[in-house]
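Colleague: Before anything else, here's the structure in question.
FYI, it's all coordinate maths here, none of it is from the lab. From a predicted model like this one, the values you see are computed outputs, not experimental measurements. Virtual Cβ from ideal backbone geometry, glycine too; neighbours counted across all protein chains shown.
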């Protein structure tokens, strides 16, 4: 069995495993200001939508090996960059990736997707050449896009809705605490549980990314107790975020 066939078996196993878990991240429906800001930080470029094609050489989790096998058989070039995923109203996630450029200079993603997306949002990284060692790739970047409703405008509207007696009472308590009326009301407001849950999810996911991205790309599939614990926490937080988001 060739090394490519062995990777193909591993890839199919990972793909089937990840299809059991319904991810909340997918290709963004549009290119938002949050996404443009993230891309500006990464390369200064603008992302573009790239079609995902079903290709016999595509390898899930081994994108570079799949593209290299594609080039060996069909020609073309290897292109590096970032795939931009979005959990709408929660976060955006930029993961380093490799795609295929054909002889007509058209770009295609040949790596299969657990949720069968038909296109990806891709940000080119022209700083990496064909010989770039993918094991040295930048780590994935997560960015919260959730906007808490508890803004200064929220409290201004709350103040406008107060009766005169209530406003006088709150202003007195604020002065006694050495705070502005808005800062006083903020202190009284229960914490934004959704924002806290998203922050916890980002922290755990970043820790998991740090651990997983130290594993060489051609490493065999093995179990890791710590990674499994982090993944379990991830899943619980995902369910909590989904529940809080639906309120």
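Colleague: Give the Cα extents of the chain along the principal axes, in whole Å, largest first.
Modeller: Here the Cα extents, ordered largest to smallest, are 80, 41, 28 Å.
Colleague: When the chain is fully extended, how far beyond the present Cα-Cα distance does residue 228 get from residue 242, taking 0.36 nm per residue of separation? Could the numbers behind the result be given before it?
Modeller: Numbers: separation 14, 0.36 × 14 = 5.04 nm, distance 2.11 nm.
Gain on stretching residue 228 to residue 242: 2.9 nm.
Colleague: Send over the Kirkwood Rh of the range 100-185, from the inverse of the averaged 1/r over different Cα pairs, rounded to one decimal Å. Could the numbers behind the result be given before it?
Modeller: Values: mean 1/r = 0.0523 Å⁻¹.
In the range 100-185 this quantity evaluates to 19.1 Å.
Colleague: Once the piece of chain linking residue 210 and residue 53 is laid out straight, how much longer is it, given 0.36 nm per residue of separation minus the C-alpha distance between them?
Modeller: Values: separation 157, 0.36 × 157 = 56.52 nm, distance 2.96 nm.
The residue 210-residue 53 span can extend by a further 53.6 nm.
Colleague: Here's a follow-up. Which whole-angstrom value gives the distance between the alpha carbon centres of the range 69-84 and the range 1-56?
Modeller: Using only Cα atoms to place each centre, the spacing works out to 14 Å.
Colleague: To the nearest 500 deg cm²/dmol, what mean residue ellipticity at 222 nm is calculated for the chain from DSSP H runs of n ≥ 4 alone, each contributing -39,500 (n - 2.57), summed and divided by the residues? List each step's numbers first, then the result.
Modeller: Working: 8 runs with 110 residues, N = 247.
After summing the helix terms and dividing by residue count, I get -14500 deg cm²/dmol.
Colleague: If I build a Gaussian network model for the chain, linking alpha-carbon pairs within less than 10 angstrom, which residue out of 93, 227, 73 has the largest mean-square fluctuation?
Modeller: 73
Colleague: Another question about this same structure. Mind checking which of 72, 191, 165 has the largest fluctuation in a GNM of the chain, springs on alpha carbons under 10 Å?
Modeller: 165
Colleague: Taking 8 Å as the Cα distance limit and 6 or more residues as the minimum spacing, I'd like the relative contact order of the range 47-194 as a percentage. Provide the component values of the computation, followed by the final result.
Modeller: On the way: 221 pairs, mean separation 36.5, N = 148.
Normalised by residue count, the contact order of the range 47-194 is 25 percent.
Colleague: Now for a different question. Return a whole-number percent for the relative contact order of the chain, with Cα pairs under 8 Å and 6 or more residues apart as the contact set. Each step should come with its number before you reach the end.
Modeller: Values: 330 pairs, mean separation 46.0, N = 247.
That works out to 19 percent.
Colleague: Would you work out the relative contact order for the range 141-212, in percent, from Cα pairs under 8 angstrom that are 6 or more residues apart?
Modeller: Working: 27 pairs, mean separation 28.2, N = 72.
It rounds to 39 percent for the range 141-212.
Colleague: Looking only at 204, 110, 99, which one moves most when the chain is put into a Gaussian network model with springs between Cα atoms under 10 Å?
Modeller: Maximum fluctuation in the GNM of the chain, among the listed residues, is at 204.
Colleague: Next question, about the same structure. Quote the FRET efficiency, to the nearest 0.05, computed for residue 29 versus residue 163 with a Förster distance R0 of 35 Å and r equal to the Cβ-Cβ distance. Walk me through the numbers on the way to the answer.
Modeller: On the way: r = 44 Å, r/R0 = 1.25.
For residue 29 and residue 163, the calculated efficiency is 0.20.
Colleague: Taking the square root of 5 times each eigenvalue of the Cα gyration tensor, what semi-axes in Å does the equivalent ellipsoid of the range 39-81 have, largest first?
Modeller: Taking √(5λ) for each eigenvalue gives 24, 11, 10 Å, largest first.
Colleague: Remind me, what semi-axes does the range 3-147 give for its equivalent ellipsoid, largest first in whole Å, using sqrt of 5 times each Cα gyration tensor eigenvalue?
Modeller: Whole-Å semi-axes of the equivalent ellipsoid: 24, 19, 13.
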